[in-house]
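Step one of this worksheet: look at the structure below.
The values are calculated or read from the model by the stated rules, or taken from the named source; none is laboratory data. Please read these numbers as outputs of a predicted model, since none were measured by experiment. A quick note on method: Cβ atoms are made from the backbone with ideal geometry, for glycine too, and the neighbour counts reach across all protein chains shown.
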Amino acid sequence: MSSSLSHRRVEVAMGDEKYGPKVGRQWSVSKPVEYVLREQRLVFVLVGMAMTSLFFVFLQPVSRGPDRSVPDSTSVGVGGYGGGAFGTEKALEKAPYWQQQSAIVNLGGKIPLGLQRKALRIVVTGGAGFVGSHLVDRLIERGDSVIVVDNFFTGRKENVMHHFGNPRFELIRHDVVEPLLLEVDQIYHLACPASPVHYKFNPIKTIKTNVVGTLNMLGLAKRIGARFLLTSTSEVYGDPLEHPQKETYWGNVNPIGVRSCYDEGKRTAETLAMDYHRGAGVQVRIARIFNTYGPRMCIDDGRVVSNFVAQALRKEPMTVYGDGKQTRSFQYVSDLVEGLMRLMEGEHVGPFNLGNPGEFTMLELAEVVKQVIDPSATIEYKENTSDDPHKRKPDISKAKELLGWEPKVALRKGLPLMVEDFRKRIFGDHKEKGTVNSVNM
């Protein structure tokens, strides 16, 4: 019996299967998947419900197509402030969220009644200046928090002091040539002297402001993810050979002239803005501003409108340089601010011409000033300055089409408002016997 047992042990040892440790099974994806497919039916029910919910949340408004009860973006953008605005607001309240946001963009930041809007934190460089202070007024009125950054070379505290004490307003005395650390949603970069008297006073400082200052603010926008709006100028066109000037025109600028610190400085600033946009993904907007006038202008800044108004009020001859046949286009400051806000809130980079296409010779402007202030005012001719453009008139077709913007205030309506402001600042509250003539548009 023992022999048979030993024989059996030999048979087992010599079998086909080799004796050794247990080999571990390799993990396979297919088996769990097969198990889920075979047993876990509930998983697919839940996944299907989730996919259906996502479809209705994100894709349904697109598939429905436009809601005809709401005006299209063009009519909303143009008519949002005039006739039909009340009807637009009513319709927008009932519209889907995506259409409400589209309409808000085209309204240039003006929010229809009944729609809630997130308040933004905005920095305005040069915010104590002429244009900047009017922009700050509109942003504060809209409900945003505003930080004004200004070195007060041309800006004045008086322009923004009515906001002192407002918790949504801050004022920082700072030169943008030096870096600045802030946390904001939007940057309106207006800091730069804009009149010949001021930018020629220290041309090196002017070009540093345009180049180094713009670099600093673009760097800030890149770091914090803020949208950046550059206020460029019609001076980038130089003494233009194209009339009127379109945004596609590259200009005719003297790179070594006495105005080059400003002209070429702004051209470089535009280059920097576009390079940051293309290379670093910064949300950039570029506005090319044409001659602007209105209250809070510097009284003796050398610009033609402020010169004529101040001289006429002081009973001095109005100075006309050259033969007075050179032309300019004049927009009221509220129109410009509206254009800047529409550009910032819109989805187009630009550049955009922002100006009034109404064209006046210097002699025609002098006549309008005489009608408004003093019909007996005289004109004094002087030699023209170097590189003074002969013609200047914006083509604003692009702004009309893409921003729904065009100027509303005619020169003969806006000029008396500026004259009243200058009268108070020159003479105090005293008013002369000859009050401002009322002139129709």
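Is it the case that the range 281-299 has a residue that's aromatic (Phe, Trp, Tyr), buried (at least 17 other Cβ atoms within 10 Å of the Cβ) and either in a loop (DSSP other than H, G, I, E, B) or in contact (Cβ under 8 Å) with a residue 12 or more places away in the chain (or both)? Yes, there is a match, as at least one residue in the range 281-299 is aromatic (Phe, Trp, Tyr), buried (at least 17 other Cβ atoms within 10 Å of the Cβ) and either in a loop (DSSP other than H, G, I, E, B) or in contact (Cβ under 8 Å) with a residue 12 or more places away in the chain (or both). Residues of the range 233-257 that are surrounded by 14 or more Cβ atoms within 10 Å (Cβ to Cβ) and over 15 Å from residue 354 (Cβ atoms): 238, 239, 240, 242, 243, 249, 251, 253, 254, 257. Among the residues making up the range 375-412, those that are within 33 Å of the chain's Cα centre (by Cα) and closer than 22 Å to residue 315 by Cα are 411, 412.
Restricting to the range 136-150, name every residue that is in contact with a strand residue (DSSP E or B) (Cβ under 9 Å, 6 or more places away or on another chain), surrounded by fewer than 19 Cβ atoms within 10 Å (Cβ to Cβ) and of a type outside the set (Ser, Thr, Tyr). Walk me through how you get there before you give the answer.
Our first condition is that a residue be in contact with a strand residue (DSSP E or B) (Cβ under 9 Å, 6 or more places away or on another chain); within the range 136-150, this holds for 136, 139-140, 144-150.
Those still in the list that are surrounded by fewer than 19 Cβ atoms within 10 Å (Cβ to Cβ) too: 140, 145.
Answer for the range 136-150, where residues must be in contact with a strand residue (DSSP E or B) (Cβ under 9 Å, 6 or more places away or on another chain), surrounded by fewer than 19 Cβ atoms within 10 Å (Cβ to Cβ) and of a type outside the set (Ser, Thr, Tyr): just 140.
For residue 199, the conditions (1) of a type in the set (Phe, Trp, Tyr); (2) under 30 Å from residue 388 (Cα atoms); (3) surrounded by fewer than 18 Cβ atoms within 10 Å (Cβ to Cβ) all hold with the exception of (3).
Taking the range 344-435 as the region of interest, the helices (runs of 4 or more DSSP H) fully inside it that hold 2 or more residues being in the same structural domain as residue 229 (by TED's automatic domain parsing) and small (Gly, Ala, Ser) are 397-403. Of the residues making up the range 145-183, those that are β-branched (Val, Ile, Thr) and touching a residue at least 40 places away in the same chain (Cβ under 8 Å) are 149, 154, 176.
Are any of the residues in the range 304-325 buried (at least 22 other Cβ atoms within 10 Å of the Cβ), aromatic (Phe, Trp, Tyr) and under 29 Å from the mean Cα position of the chain (by Cα)? No: zero hits.
Can you name the residue in the range 326-342 that is among the polar types (S, T, N, Q) and not in a helix (DSSP H, G or I) and, of all such residues, is surrounded by the fewest Cβ atoms within 10 Å (Cβ to Cβ)?
Applying the first criterion (among the polar types (S, T, N, Q)) to the range 326-342 yields 326-327, 329, 331, 334.
Next cut, not in a helix (DSSP H, G or I) only: 326-327, 329, 331.
Working: 326: 19, 327: 16, 329: 24, 331: 27.
For the range 326-342, the residue satisfying everything is 327.
Out of 251, 257, which single residue is touching a Phe, Trp or Tyr at 6+ places or on another chain (Cβ under 8 Å), touching a residue at least 12 places away in the same chain (Cβ under 8 Å) and assigned by TED's automatic domain parsing to the domain that holds residue 184? Walk me through how you get there before you give the answer.
Numbers: 257 fails: touching a Phe, Trp or Tyr at 6+ places or on another chain (Cβ under 8 Å).
Testing whether each residue is touching a Phe, Trp or Tyr at 6+ places or on another chain (Cβ under 8 Å), touching a residue at least 12 places away in the same chain (Cβ under 8 Å) and assigned by TED's automatic domain parsing to the domain that holds residue 184 leaves just 251.
Could you please let me know if residue 138 is free of Cβ contacts under 8 Å to residues at least 24 places away in the same chain and outside any loop (DSSP other than H, G, I, E, B)? Here the answer is no, as residue 138 does not meet what is asked. Looking only at the range 301-325, filter to residues that are touching a strand residue (DSSP E or B) at 6+ places or on another chain (Cβ under 9 Å) and part of a helix (DSSP H, G or I); which one of those is farthest from residue 428 (Cα to Cα)? In this case the residue turns out to be 304. Residues in the range 261-280 that are of a type in the set (Gly, Ala, Ser) and touching a residue at least 12 places away in the same chain (Cβ under 8 Å): 265, 269, 273, 280. Screening the range 220-246 for residues that are charged (D, E, K, R) and in a loop (DSSP other than H, G, I, E, B) and picking the one that is farthest from residue 257 (Cα to Cα) gives 246. Against the conditions (1) out of contact with any Cys (no Cβ under 9 Å at 6 or more places or on another chain); (2) within 24 Å of residue 275 (Cα to Cα); (3) not in a helix (DSSP H, G or I), residue 165 satisfies every one except (2).
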